[in-house]
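All remarks here apply to the structure that follows.
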Amino acid sequence: MARSANQKLKLLLLRQYLERNSDEAHPVTTAQLLEYLASEGISAERKSIYSDLEALQSFGLDLIRVRDGNITCWYIGERVFQLPELRLLADSVQSSRFITRKKSLELIAKLEGLTSVHQAKELRRQVVVKNRIKAMNESIYYLVDELHTAINGDKRIRFHYTGYDGHGRRVLRRGGAEAEKTVTCGPLTINEARFSAKVQGEPVKLGVIEFKMLLVLASSPGRVYSRAQLLSRVWDDSTELDERTVDVHILRLRKQLAGTAAASLVETVRGLGYRANDAV
């Protein structure tokens, strides 16, 4: 690139460097600015740097000048988003159930680009919401956006309701309602339409994943399901999941069935997977 072209980029490069590398706790020196410009093939003098920084201030950049002993330093003051606001946005992304883990990480990475690299590290250390069920299917993220667009445009929205059959496959409900269907396995009775599970007539509280997993196993008593098979039947999008995720939810399912007559209903078949034993 020609020298003149480099010089034309000087103001943009200075602004970019200041935005990414400076904040109140991390001001940058004039020497650092000169060194950065040199790495980009731009030669400059201190006096010209001062003129350039004044130009950026005149343009509206909240550029703060401070002294560290005899050294002049600079940092960006007011930004479009302040760190507390970015933390709030990052928290919202982390805790949202319809945003997948992958999309959450992508969005937070974009938020990091709105502050200095130093403050971005604080966003990465944001509060992690434990035991929060995150959506596995990224299409939900875009479907929610389409719903907002339709609502804002006063459009009519029509829904098709679905449920799950005995094999964990999604099926379309007819007439907006699903026929009452129950699955029985030993002392356990599952009503798919009502999303209820009972052991000897007593309700058992299950999580969504655990309910779907138990439904798959109980619908075919004695059949051994591998972890991969359970992933494909229980999760809408299992491409990003490790097979050990199944073990975690099996453990939760057993805890939820503990103390009931179905406590030993879910069996481990060593080296193969899991099955439901209707002889309990």
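Taken together, the values in this text are just the output of simple stated rules run on the coordinates, not laboratory data. Small disclaimer: the values here were computed from a predicted structure and weren't measured. In this analysis, Cβ positions are derived from the backbone assuming ideal geometry, glycine residues included, and neighbour counts consider all displayed protein chains.
At-a-glance table
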{"quantity": "Kirkwood Rh in Å, taken over segment 207-262 so that all alpha-carbon pairs contribute", "calculated": "11.7"}
{"quantity": "Segment 3-76 - Rg (one decimal) and Dmax (whole number), Cα, Å", "calculated": "11.6, 36"}
{"quantity": "Label-point separation in nm, SER196 to THR268, each point 7 Å along Cα→Cβ", "calculated": "3.3"}
{"quantity": "Inter-site label distance for VAL144 and SER92 at 7 Å from Cα along Cβ, in nm", "calculated": "1.0"}
{"quantity": "Cross-link reach list, lysines versus LYS198, counting only Cα pairs under 22 Å and skipping chain neighbours closer than eight places", "calculated": "LYS181, LYS212, LYS255"}
{"quantity": "Of the GluC sites (Glu not before Pro) in segment 1-108, those whose Cβ has at most 15 other Cβ within 10 Å and which sit in DSSP loop", "calculated": "GLU24, GLU40, GLU45, GLU78"}
{"quantity": "Cα-based convex hull, segment 70-125, per residue volume (Å³, whole number)", "calculated": "84"}
{"quantity": "Proximal lysines to LYS103, defined as alpha-carbon separation beneath 23 angstrom and excluding residues fewer than eight positions away on the same chain", "calculated": "LYS121, LYS130, LYS134"}
{"quantity": "From phi via Karplus (6.51, -1.76, 1.60), per-residue ³J(HN,Hα) for segment 188-203 in Hz, x at Gly/Pro", "calculated": "9, 10, 10, 10, 5, 4, 8, 6, 10, 9, 10, 10, 6, x, 9, x"}
